[in-house]
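The values are calculated or read from the model by the stated rules, or taken from the named source; none is laboratory data. Quick caveat: nothing in here was measured; it's all calculated off a predicted structure. Neighbour counts run over all protein chains shown; Cβ positions are idealised from the backbone, glycine included.
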Amino acid sequence: MMRKLLIAGISIVVAAGTVICFMWQNKPVVSYQYLCGVPANQINDFYWSSPEKLVFDRNLRWNKKELKIYFTDIYDQRTISKILNLARKWTDVTGIVFTTTSDPEESDIRIAFRQGGGYQSLVGSQAKLAKETEGNKTTMFLSNLDQRGDEEFDRVVLHELGHAIGLYHELQSSNSPIQWDSLKVYAYFKRVYNWNTDMVNRQVMAPVRIGESTTFDPLSIMIYAIPDTLMKNHPTIEWPSDLSVMDRTKIRLLYP
Ligand SMILES: [Zn+2]
């Protein structure tokens, strides 16, 4: 069981690319399924075929105040309402209003529940770039999240929406105090996700250099679980359940 997590850096890193998340709880590591992160062979080629697209900077912020969501394969109004209600937490601190559309052509964010892919999202306005070059492909995967409990649902939705408005993982903050035990990290992600070292570097250990990092925030919603045995200095925290005070404050750096 992995009830405590090790932390990661902070979140207001404006950076780049697709992020794959690790947010699964209360299951032995070996039986992880999606983990807000998926084995390499399940990752949509779209996200990894052009790594040069995955480098961004402050320009990843959205220059608009309404983001229209198109749900590609779910029509349950209760689930959609839950997402929109959670999105209001980000609206309160960014001014960005999330609405829905039934027309993918006019959508900004496209969310799939039934396509596999675990939990992942493009970062910020990368979704706009993707639409221009790739068409109306899915920009956020919430694989069967509607079949999970409320606690996980809320945490994952807030986390993925954080990515969708431009936040990167705390883990890769340049201010992260984590001292990785890299050989153990490579072995862990190889075993659990079948990731190679390059993927581990990009998704876990490499600090985001292009963006901006604020003070380390162990309570950020943008943190995810890593066994503390993978770190030499063993910082441990609980799962986040809501936007932290610092999340609310720092996001204004992106959306003043
Ligand atoms: Zn994530």
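Taken together, Phe71, Phe113, Phe98 contain a single residue that is crowded, with 16+ Cβ neighbours inside 10 Å and touching a residue at least 60 places away in the same chain (Cβ under 8 Å), which is Phe98. All conditions but one from (1) surrounded by fewer than 16 Cβ atoms within 10 Å (Cβ to Cβ); (2) farther than 23 Å from Thr249 by Cβ apply to Lys82; the one that does not is (1).
Taking the range 88-107 as the search range and keeping residues that are of a type outside the set (Val, Ile, Thr) and either touching a Ser or Thr at 6+ places or on another chain (Cβ under 8 Å) or within 16 Å of the ligand (Cβ to nearest atom) (or both), which one is nearest to Val156 (Cα to Cα)? Per the criteria, the residue is Trp90.
Yes or no: Arg110 away from the ligand (no atom under 16 Å from the Cβ) and under 20 Å from Glu152 (Cβ atoms)? Spelling it out, it is not the case that Arg110 is away from the ligand (no atom under 16 Å from the Cβ) and under 20 Å from Glu152 (Cβ atoms). Mind checking which residues of the range 210-248 are out of contact with any helix residue (DSSP H, G or I) (no Cβ under 8 Å at 6 or more places or on another chain), at pLDDT 80 or above and more than 16 Å from the ligand (Cβ to nearest atom)? Selection gives Met231, Lys232, Val245, Met246. One residue alone among Arg88, Arg78, Arg110 is within 19 Å of Gly149 (Cα to Cα) and of a type in the set (Lys, Arg), and that residue is Arg78. Taking the range 126-156 as the search range and keeping residues that are of a type in the set (Gly, Ala, Ser) and part of a loop (DSSP other than H, G, I, E, B), which one is nearest to Leu86 (Cα to Cα)? Of everything passing the filter in the range 126-156, Gly149 is nearest to Leu86 (Cα to Cα). Once the range 115-172 is narrowed to residues that are within 11 Å of the ligand (Cβ to nearest atom) and of a type in the set (D, E, K, R), the residue that is nearest to Met222 (Cα to Cα) is Glu170.
In the range 132-151, of all residues being out of contact with any Leu (no Cβ under 6 Å at 6 or more places or on another chain) and crowded, with 19+ Cβ neighbours inside 10 Å, the one that is nearest to Arg78 (Cα to Cα) corresponds to Leu145. Restricting attention to the range 158-196, the residues that are surrounded by fewer than 23 Cβ atoms within 10 Å (Cβ to Cβ) and part of a helix (DSSP H, G or I) total 11.
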